[in-house]
């Protein structure tokens, strides 16, 4: 990954992944794309890591989007599906992810923040789907319809104009807002809240949400029941009630 993407594997089970090209506004240039692919793979393969936080280095920019200079040089038309590292598109993750948006998240920056399961944003952050302003397109934004109202989405993709972090929070794109100096602290607090849950139950809950966005009510219920079997039959499913009855913290085993 060199230094284009930093990876901090914490002892508490949280991985912090940082886009580290502030001099180019953390644009999705080749080195960052390769580093992010490697970071997501490392996170998924490490059983000790249970939650990942994605953020950007520097002041005021999470990720400014694709590398337009590269697009000019390569005369890019339709981006290959394996060009940009996007969980849920060309990366399979089984564990929760949190975007900690520290500033501008435009175009591809919006895309990678949207692809995370949860989002914490600095009060100074801005979000925009700017493709219409440079003659490109944003098919990656299609899942946004499950996150925000249709007319809000329509305005974002038709105008390309940014919205504030406060507006993003109001329409449901952002889970929590934080002052800039408390952004990572707030993201870590949210990650810790996820870590409090039994690992297999967290996975089943995440799967249930994902399945529910893919199918109708009856099919989603059936699929969610199947996805929950492992959690129901686990040792943790017995430990949880015992700990509650004993008025103590549960000791999760993840099995």
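Rule-based calculations on the coordinates, nothing more; no lab input. All figures in this text were calculated on a predicted structure; none of them were measured in a lab. Reconstructed Cβ throughout: ideal geometry from the backbone, glycine too, with neighbour counts over all protein chains shown.
Key figures for this structure:
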item	result
0 to 90° range, to nearest 10: angle between helix 236-245 axis and the chain longest Cα axis	70 degrees
Fewest-first ranking of 122, 138, using other Cβ atoms within 10 Å as the exposure measure	138, 122
Two-site FRET efficiency, residue 208 against residue 41, from Cβ-Cβ distance with R₀ of 35 Å, rounded to 0.05	0.90
Residues of the stretch 188-214 with amide N under 19 Å of the 7 Å Cα→Cβ point at residue 235	196-204
Enclosed volume per residue, in Å³, of the convex hull spanned by Cα atoms of the chain	137 Å³
Residue-span extension gain [residue 221 to residue 137] - 0.36 nm each, minus C-alpha spacing	26.8 nm
Nearest-0.05 FRET efficiency for residue 243 and residue 185, computed from C-beta distance (R0 35 Å)	0.80
Alpha-carbon Rg/Rh ratio, for the stretch 109-229, with Rh computed the Kirkwood way	1.02
Helical contribution to [θ] at 222 nm, DSSP H n ≥ 4, -39,500 (n - 2.57), averaged over the chain, rounded to 500	-12000 deg cm²/dmol
By average C-beta atoms within 10 angstrom, highest first, the peptides 74-87, 30-43	30-43, 74-87
Mean Cβ neighbour count within 10 Å, used as a protection proxy, ranking 201-211, 223-233 highest first	201-211, 223-233
Directionally averaged shadow of the stretch 199-245, computed from the convex hull of its alpha-carbon atoms, nm²	3.4 nm²
FRET efficiency, 1/(1 + (r/R0)^6) with R0 22 Å, evaluated for residue 29 and residue 77 via beta carbons	0.75
The stretch 194-240-the stretch 1-64 distance, computed between alpha-carbon centres (Å)	27 Å
